Amino acid sequence: MLKPYEMSSVIITGPNSIQEAIIKELHELKVLHIVEHSKNELADIGKPFESAARLSEVLVKVRALIAVLGIRKEEAEFELKKGLSDIASTTKKLSEELNTVLEELKKSQELILKNESVKQELEILKEINVPLEYFTSYKSLAYFTGYVKDAAALNEELLKSTKNFMLFHSGVKKRSFIVLFADAKIKEKAQSVLQKNSFSKVNFSNIANLKGTASSNLRKIEEENTKHGRKIEESNKKIEALKNEHRKFLLASEMFLSGQLEKAEAPLKFASTQSSFLVKGWVPADNRSKTIERLNKISKNKVFVHFEPAKAHDKVPVKLKNPKFAKPFEFFMDLYSMPTYRELDPTFFVFLTFPIFFGIMLGDVGYGITSFAVFWLLKRKIKAKNFFNILMLASFVSMLFGLLFGEFFGYEFIHPVISREHDMFKLLYIVLAIGAVHVNIGLMIGFINEMKSHGLMHAIYAKASWIVLEIGVAMLALSYFKLIEVSLFVGIIFLGASILMLLKGEGIKGLMELPTIFTNMLSYARLMAIGLSSVVLAVIINDSAKEFFHKGGLFVSIGILILVIGHIINLMLGLLGSFLHSLRLHYVEFFSKFFHGGAKRYQPFGIKDE
């Protein structure tokens, strides 16, 4: 439980003639974590099998189809009875059919997009009853289109100079859209008058080939867009039909091809000579006998398999070993870092304390029930089983602490064992005591890790010294406040001894970190503070809603709205705060006392990395 699975180093070597059979067997065994070979003077890197290029090509096409069709990746639900050539052939036909549909879809979408551009211009012109064919080049006539501040003022100004013009206009908010036709001889004069009236030119580039009025063309465009819309709908239905028809085939093909490609490219991780291959890796000790037996059988005893236990400085991949109830909490190790092979695995400790810290902070029966229900629903919808199992357990513990605190959505519905709102300092002392215990458990784990890695004396100097320091400070405090008859001199001796031990075990760095042991413990005060802030906000929400309830009538609805929205916001803040601060207390205050990490997770050949 606290230690990972025992691993054995393995070397497998044999003639190239049996390499493919050995790879196939290892892929089925799913026990070998391969250590990639680096090219050296003794052996080159192996070459992939001839089928690798073809497999890669078809796999890319299959994955492209899965992406384009929007197929959600999940475990294949049926057995694939086709080989590579059949998959390639079916994939090619499907690609051609899908591309035809996509081309039709793209064409319809482009036509609608083009029509929308024309439509925007026609919307401006629809109030102007001018045939669109009039907007062309003339030798004796000039025309202007755009916006002015006041069309009436523009008309009067133009009449002062000439009567050889025609002005059409429509009101658009605080401006007027105008179309002005004028004699080419007065073009410059017309431009001058327009500028005085804050003329803003509008170019119409999409209506050059249209005839008739803007309104009639708008009706035609609407009809065209309706037809294109139907085509788009038909294309989407065809795509959905292809998706439903070929979903299982594509998912099964993707899984099959991935496995085949993994086998075909496996020699790239092997050492290779002209006549033989060699692969190094790690296998769980429990699987040694089975591995030797299967490999000897498939190779007819032509393969050499050598096992040996992990050595002190080997970089061993880690396969965590936790009971089923604690296994979801390995999520936090994946999020942070995997413990090294010889470290104690902290997953079980996180399983014990994370829900408690979360529960102390959230600590409300109503919030616990609500969050439990939400996480249960999300677990069914979202593929993150371990994560939601953690949160559901934490929510359940929140209900238990809610009973202890007597809280239901901020109301004290039963007599509390301890009231967060009124017994604030009592709760503070409790969480600080929890912090002291938690930090010292971390030091004890650190002591075991150091003893396994560097021996007993180093463990005493590096880790036990912190406990001696705590004893010394406690004695000094008890002596100063005269709570217990303790000699001040004894406290000073313990304190001095701890400093010398730290200097021996961790050097100057240890002395610089002397205050951190106590600041780490004080950090657990957040368990009380976060919870108290949630309670206070809940009480404010309840009191605010109560004021509206007393007024009656329509105010009751407002009160209900305040309760619902207020508690939703408070619950979201409470969940976020409880999760992040519980995590921080483990990663920073707890792990810093013993955890090094940095190992690779055991990833056997033949199993996809999730």
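The values are calculated or read from the model by the stated rules, or taken from the named source; none is laboratory data. Quick caveat, the model's predicted, so the values are computed rather than measured. When we count neighbours, we look across all protein chains shown, and the Cβ atoms used for this are built from the backbone with ideal geometry, even at glycine. The protein model used for the area step is the full one, side chains on, heavy atoms only, and it has no ligands, DNA or RNA in it. Shrake-Rupley method; radii C 1.70, N 1.55, O 1.52, S 1.80 Å.
Some notes on this structure:
- Taking region 25-44 as the range and being under 36 Å from the mean Cα position of the chain (by Cα) and crowded, with 16+ Cβ neighbours inside 10 Å as the test, the residues that pass are GLU25, LEU26, HIS27, LEU29, VAL31, LEU32, HIS33, ILE34, VAL35, HIS37.
- Residues in region 578-600 that are farther than 27 Å from GLY435 by Cβ and surrounded by 17 or more Cβ atoms within 10 Å (Cβ to Cβ): ALA599 alone.
- Cβ-Cβ distances below 7 Å connect the following pairs, each with a first residue in region 229-241 that is closer than 23 Å to ASN115 by Cα, a second residue that is of a type outside the set (S, T, N, Q) and open to solvent by 60 Å² or more (accessible area, probe 1.4 Å), and a separation of six or more residues or different chains: LYS231/GLU104; SER235/GLU104.
- Summed over region 199-223, residues that are more than 50 Å from the chain's Cα centre (by Cα) and aliphatic (A, V, I, L, M) total 3.
- Failed condition for LEU94, given (1) surrounded by 17 or more Cβ atoms within 10 Å (Cβ to Cβ); (2) touching a His at 6+ places or on another chain (Cβ under 8 Å); (3) of a type outside the set (Lys, Arg); (4) within 18 Å of SER276 (Cα to Cα): (4)
- Long-range neighbours under 9 Å by Cβ, at least six apart or interchain, first residue closer than 23 Å to GLY435 by Cβ and charged (D, E, K, R) within region 503-518, second modelled with pLDDT of 80 or more and open to solvent by 50 Å² or more (accessible area, probe 1.4 Å): GLU506/TYR461
- Selection status of THR340, under 25 Å from GLY446 (Cβ atoms), open to solvent by less than 60 Å² (accessible area, probe 1.4 Å), assigned to a helix (DSSP H, G or I) and polar (S, T, N, Q): no
- Of the residues making up region 419-467, those that are out of contact with any His (no Cβ under 8 Å at 6 or more places or on another chain) and either acidic (Asp, Glu) or not in a helix (DSSP H, G or I) (or both) are SER419, ARG420, GLU421, HIS422, ASP423, GLY455.
- Those residues of region 435-477 which are within 19 Å of LEU585 (Cβ to Cβ) and out of contact with any Leu (no Cβ under 7 Å at 6 or more places or on another chain), in sequence order: GLY435, ALA436, VAL437, HIS438, VAL439, ASN440, ILE441, GLY442, LEU443, MET444, GLY446, GLU470
- Residue satisfying condition, being surrounded by 14 or more Cβ atoms within 10 Å (Cβ to Cβ) and touching a His at 6+ places or on another chain (Cβ under 9 Å), within set VAL179, VAL193: VAL179
- Here PRO515 clears all of (1) open to solvent by 30 Å² or more (accessible area, probe 1.4 Å); (2) more than 30 Å from TYR367 (Cβ to Cβ); (3) in contact with a helix residue (DSSP H, G or I) (Cβ under 9 Å, 6 or more places away or on another chain); (4) not hydrophobic (A, V, I, L, M, F, W, C) except the condition numbered (3).
Here's the yes/no breakdown for (1) open to solvent by 40 Å² or more (accessible area, probe 1.4 Å); (2) hydroxyl-bearing (Ser, Thr, Tyr); (3) assigned to a helix (DSSP H, G or I):
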residue: GLU104; (1), (2), (3): yes, no, yes
residue: LYS107; (1), (2), (3): yes, no, yes
residue: LEU111; (1), (2), (3): yes, no, yes
residue: GLN120; (1), (2), (3): yes, no, yes
residue: ASN129; (1), (2), (3): yes, no, no
residue: ALA142; (1), (2), (3): no, no, no
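- Here the condition is being of a type outside the set (A, V, I, L, M, F, W, C), under 30 Å from LEU210 (Cβ atoms) and in contact with a helix residue (DSSP H, G or I) (Cβ under 8 Å, 6 or more places away or on another chain); of GLU123, GLU36, GLU110, GLU97, it holds for GLU123 alone.
- Taken over region 150-180, the criterion of being in a strand (DSSP E or B), of a type in the set (A, V, I, L, M), in contact with a helix residue (DSSP H, G or I) (Cβ under 9 Å, 6 or more places away or on another chain) and modelled with pLDDT of 85 or more is satisfied by LEU167, ILE178, VAL179, LEU180.
- Restricting attention to region 503-512 and to residues that are open to solvent by 70 Å² or more (accessible area, probe 1.4 Å) and among the hydrophobic types (A, V, I, L, M, F, W, C), the residue that is nearest to ILE460 (Cα to Cα) turns out to be LEU503.
- Region 298-329: number of residues that are farther than 25 Å from HIS27 by Cβ, touching a helix residue (DSSP H, G or I) at 6+ places or on another chain (Cβ under 7 Å) and assigned to a helix (DSSP H, G or I): 2
- Residue that is farthest from GLY597 (Cα to Cα), among those in region 1-25 that are in a helix (DSSP H, G or I) and touching a Lys or Arg at 6+ places or on another chain (Cβ under 9 Å): SER17
- Per the listing LEU65, LEU80, LEU84, the residue uniquely under 30 Å from GLU233 (Cα atoms) and either surrounded by fewer than 13 Cβ atoms within 10 Å (Cβ to Cβ) or touching a residue at least 24 places away in the same chain (Cβ under 8 Å) (or both) is LEU65.
- Hey, LYS280 in a strand (DSSP E or B), of a type outside the set (Ser, Thr, Tyr) and either in contact with a Cys (Cβ under 6 Å, 6 or more places away or on another chain) or within 20 Å of ASN16 (Cα to Cα) (or both) or not: yes
- Qualifying residue in region 383-395 (condition: hydroxyl-bearing (Ser, Thr, Tyr), open to solvent by 20 Å² or more (accessible area, probe 1.4 Å) and on the phi < 0 side of the Ramachandran plot): no
- If you check GLU188, GLU224, GLU233 for being acidic (Asp, Glu), modelled with pLDDT of 85 or more, open to solvent by 50 Å² or more (accessible area, probe 1.4 Å) and in contact with a helix residue (DSSP H, G or I) (Cβ under 8 Å, 6 or more places away or on another chain), only one passes: GLU224.
- Residues that are of a type in the set (Val, Ile, Thr) and closer than 13 Å to ALA190 by Cα, drawn from region 131-147: THR145
- Here is the figure for region 307-327: residues that are exposed (fewer than 12 other Cβ atoms within 10 Å of the Cβ) and either in contact with a strand residue (DSSP E or B) (Cβ under 9 Å, 6 or more places away or on another chain) or at pLDDT 95 or above (or both) total 3.
- Residue identified as closer than 30 Å to GLY281 by Cβ, within 25 Å of the chain's Cα centre (by Cα) and without any contact (Cβ under 8 Å) to a residue 60 or more places away in the chain among LYS319, LYS381, LYS327: LYS327
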